[in-house]
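Structure, as structure tokens:
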Amino acid sequence: MPSILNWLATIAVGAVARIVKAGSFRALAVARRAALALGLCFTLQLFDPTIIDAPTLRVAAVIGKFGAMSRAQAQPALTASQADALNAYNQAVNDFKRILRERRAQIDAKQPLPSLPGQALYLARNNMISAYKDLTDALPSKIGRPNKFGIPPAYFDADNEPLLEEYTNLFNIMQAPPANAQNSDTPFKDVVDLGTAIARAKGLDAANAQAAGRISLGIFFAETNGKQNMGNARSNKYKGSFQTGVSEDQTGQNKWAAIKKSITAFDPALGARDDKEAARAGTSDHRYNHWTAVRDALMNAHADVFPYIPAIVKALPNPIDQMKLFELIQIIPSPTKSALRSGNLTNYKISDPTIIGHLRNNSIFTFGRADRAKTSATFGEILDAMWLFNDKFERALSKFNEIKAQQKG
């Protein structure tokens, strides 16, 4: 029996070896011969199960080797640049996981956190997204399925959704409002009401004033994800529901004082609410009273731009794009206002390195070598690059529609 197996095994091994070298037509004939020899080997073993000897193992080893070679041949080797991109991405993911674990352990153990504890997390997240974009630029086949955050698949692997969820959870803890913060029971409606009233005082009709209220709610979500009186784990300067600085808040207070009388004339209830909240805030930091923080921030940065809303709505019919433009007023106020005055908003180009740097610091043209290489951009390109804001603005739009539906009801 072993001699027969040796003979059959020799045929099978030789046939398998020839399959590797054979062309497509010869491979088929050779494969049939190998299959017949191998089948006879194992059929003989059925009559004598104790026969598991060297010839049989030799056949199995060659078959296994052939299978491994086939799989390797199906996947072309990476180039040096592709391998570098893959290694950089894997390292970036590991670094992000490490800092997430570190912050979670510190928080759970109630240990003191470092100054600006969110900055390292923010940079590690950005590095992971950037490394993935570099990887998909080098290997487009790595672009995967859509993700729950609405991030373009070329920038983010949906398998890492739990990492971004933990990132958000940690920031919610690190940016919790201080103990003396003065919350509102109707934080979203407050934003809409204030934005709408300020727009009316600036001379807008009902439809455009409503657009101002909707845009204002979008800014609230963009700045704090819709969380009132929020701290800031990445800055000691910007705080509160609209993330303003002390001087910005003071400027807003002064501008509100100049316009309040006209608002109270057409909306006495809003004027009375403002009196109540101003008394409640007293001499404390107005940025930690939700109402006064929103009021002052809108007056400081946005009220003077509200008269442009009819033109903005015409140039940018999509409510999400309208919100993006007003968020740009928060980030790069002077260039955005210049673009509005130009009469050619989407084609207005900026190339100042400082302004481009401000955009990168706010997750615009931030991710991947190709994006970071940009030295100039039109406002149309900037709006398109603000995809990280899409989810926030979509939730703001949904909340606005919900508020309006309740008012109609």
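In the stretch 196-351, what percent of the accessible surface is made up of carbon and sulfur (1.4 Å probe, ligands and nucleic acids excluded)?
Solvent-exposed carbon and sulfur of the stretch 196-351 make up 50 percent of the total.
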Calculate the length of the line joining the C-alpha centroid of the stretch 332-346 to that of the stretch 361-409, in whole Å.
17
Residues whose modelled amide H sits under 5 Å from the amide H of Thr244, counting only those 5 or more places away in sequence or on another chain, are Lys239
Give the average over all directions of the projected area of the C-alpha convex hull of the stretch 238-307, one decimal, in nm².
4.4
Across the stretch 278-319, how large is the tail of the calculated P(r) beyond 14 Å, expressed as a percent of all Cα pairs?
59
Cross-link partners among aspartates and glutamates for Lys337, C-alpha distance below 16 Å, same-chain residues fewer than 8 apart left out?
Asp304, Asp321, Glu327, Asp352
If you take the square roots of the eigenvalues of the alpha-carbon gyration tensor of the stretch 327-385 and sort them as a ≥ b ≥ c, do you get rounded (a/c under 1.5), prolate (a/b over b/c) or oblate?
prolate
Cα-Cα over 29 Å, subset of Lys260/Lys404; Lys142/Lys237; Lys148/Lys227; Lys202/Lys227; Lys189/Lys260:
Lys142/Lys237
Unit-weight point scatterers at every alpha-carbon of the stretch 192-348, Debye formula, q = 0.09, 0.14, 0.19 1/Å: log10 I(q)/I(0) is -0.27, -0.66, -1.21
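Taking a ≥ b ≥ c as the square roots of the eigenvalues of the Cα gyration tensor of the stretch 93-213, is the shape rounded (a/c under 1.5), prolate (a/b larger than b/c) or oblate?
oblate
Take the cross-link list Lys110/Lys324; Lys97/Lys392; Lys239/Lys324; Lys97/Lys349 and give me the ones stretching past 31 Å between alpha-carbons.
Among Lys110/Lys324; Lys97/Lys392; Lys239/Lys324; Lys97/Lys349, the Cα-Cα distance tops 31 Å for Lys110/Lys324; Lys97/Lys349.
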Is the C-alpha gyration tensor of the stretch 156-211 telling us rounded, prolate or oblate? Criteria: a/c under 1.5 is rounded; beyond that, a/b larger than b/c is prolate, otherwise oblate.
oblate
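The values are calculated or read from the model by the stated rules, or taken from the named source; none is laboratory data. Computed from a predicted structure; not experimentally measured. Just the protein is used for accessible areas: all its heavy atoms, side chains included, with ligands, DNA and RNA removed. Shrake-Rupley method; radii C 1.70, N 1.55, O 1.52, S 1.80 Å.
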